[in-house]
């Protein structure tokens with residue numbers, strides 16, 4: 001499966017569930033004929049036969065795809081940065097004193113369990129590619145981070161609309 005975005009409008013969400021030999025990808029796309037398609041694919045890493053295995057499920061969507069696409073755009077998907085650009089927002093600095101000396105202390109929490117997400121987005125000539133590690137877990141402890149909030153809202157919306165696991 002190629003990871004190149006070839007359609008006029010396309011959203012891909014790759015889900016890596018950590019220490020497993022498989023993952024998922026959700027694809028929402030609109031081709032040159034203005035036909036919408038939504039797919040959910042599970043893939044397995046090569047084993048003895050050295051080939052990836054794919055199980056594709058075309059998703060039915062009885063609502064308006066364009067409305068869904070535009071709603072996704074309201075969550076700033078075109079502008080969401082990679083998680084590394086706002087890592088500092090997950091870190092808390094405090095001024096502390098030890099032995100009569102003041103210093104800055106950096107406090108950060110690391111969540112080691114959860115899903116890794118990679119999003120590829122294309123809307124005409126506009127493209128964005130981002131990665132987030134366990135956004136829902138970090139959002140619980142950092143609800144003030146807008147980027148996490150928007151990202152998680154996209155996941156929640158797609159889970160609800162397509163009844164899939166993301």
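When 127, 118 are checked against the criterion of being within 25 Å of residue 31 (Cα to Cα), in a strand (DSSP E or B) and either under 14 Å from the mean Cα position of the chain (by Cα) or modelled with pLDDT under 95 (or both), 118 stands alone in meeting it. Which condition from (1) under 24 Å from residue 132 (Cβ atoms); (2) modelled with pLDDT of 95 or more is the one that residue 102 breaks? Checking residue 102 against (1) under 24 Å from residue 132 (Cβ atoms); (2) modelled with pLDDT of 95 or more, the one that fails is (1). Across segment 93-105, not a single residue is classified as within 17 Å of the chain's Cα centre (by Cα) and free of Cβ contacts under 8 Å to residues at least 24 places away in the same chain. Counting just the residues of segment 5-24 that are modelled with pLDDT of 85 or more and part of a loop (DSSP other than H, G, I, E, B), which one comes out surrounded by the most Cβ atoms within 10 Å (Cβ to Cβ)? The extreme case among them is 5.
The residue list 72, 27 contains one member that is touching a residue at least 12 places away in the same chain (Cβ under 8 Å), out of contact with any strand residue (DSSP E or B) (no Cβ under 6 Å at 6 or more places or on another chain) and surrounded by 17 or more Cβ atoms within 10 Å (Cβ to Cβ), which is 72.
Looking at 97, 57, just one residue is under 21 Å from residue 160 (Cβ atoms), in contact with a strand residue (DSSP E or B) (Cβ under 9 Å, 6 or more places away or on another chain) and in a strand (DSSP E or B), and that residue is 57.
The values are calculated or read from the model by the stated rules, or taken from the named source; none is laboratory data. None of these values were measured; they are calculated from a predicted model. Counting neighbours? That spans all protein chains shown, and the Cβs are built from the backbone with ideal geometry, glycine included.
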